[in-house]
Amino acid sequence: MGGVIGRGDSPRHGSPASKLEQKMVEAMQQRAQQGTTMKSFNSVIMKFPKIDESLRKCRIIFQQFDEDSNGEIDQEELKHCFQKLDISFTDEEIKDLFEACDIYEHMGMKFNEFIVFLCLVYLLNDPAVSEARKRMGLGNLEPTFETLVDSFVFLDKNKDGYVSKNEVIEAINETTAGERSSGRIGVKRFEEMDWDKNGTVTFKEFLFAFTRWVGLDENEDDEDDE
């Protein structure tokens, strides 16, 4: 499964839940009622190459947002882009969305953070956000985002919008029944996802871990070094 959390910067811990975070949990709870097509943790892993290829195509959208081409999208650039797209978000909503994705507190979203931003825009389903999805050209990416949502729903066994350590272990046990290492693997995967160390994983934390697993952030670091 590739990269692990702990390389390079450490994400911030203990940030308070925002209105946006609560909206994400509620949206995931509603989505969970529809069930999941994933049958095992291996079925999630098998999707990695296709998801990786699709997400890398987001770089074009990232470059459109990154007005000064410094490799990061700051809050003003995000605000300008929304204005150009005629998307009616308040300054507070933009700030909330930006801070939710700027997990390293660099005051700028790097490419892997931008992937999380796009997926959260997909998940949130109010009229303004739905219009934003169309204008940002996310139509072709929606199957990929839906796969990520589906994967989280598979892990969220009790459909409460969060994933616990026991749920991850249970999901991996379903795939590796009888293997003594399955519990240890489950704990490791959970620790890679639980960035704020509070014992539960939100969809946002899952997405950040996923960008590590498919190597998006590693590739970004390599490009920055060139």
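The values are calculated or read from the model by the stated rules, or taken from the named source; none is laboratory data. Note that the structure is predicted; figures quoted are calculated from it, not measured. Note: accessible area is taken over every heavy atom of the protein model, side chains too, but ligands, DNA and RNA are not part of it. Shrake-Rupley method; radii C 1.70, N 1.55, O 1.52, S 1.80 Å.
When the solvent-accessible area of region 33-103 is split by element, carbon and sulfur atoms take up 50 percent of it, the probe being 1.4 Å.
Starting from the Cα of residue 197, draw a straight line to each of the lysines and keep only those under 25 Å, dropping any in the same chain fewer than 8 residues away. Within the straight-line cut-off, residue 197 pairs with 19, 23, 95, 110, 157, 159, 165, 188.
Once C-alpha pairs closer than 8 Å and six or more residues apart are averaged by separation and normalised to the residue number of region 16-122, the relative contact order reads 27 percent. Solvent-accessible surface of region 22-107, taken per residue with a 1.4 Å probe and all protein chains present: 58 Å².
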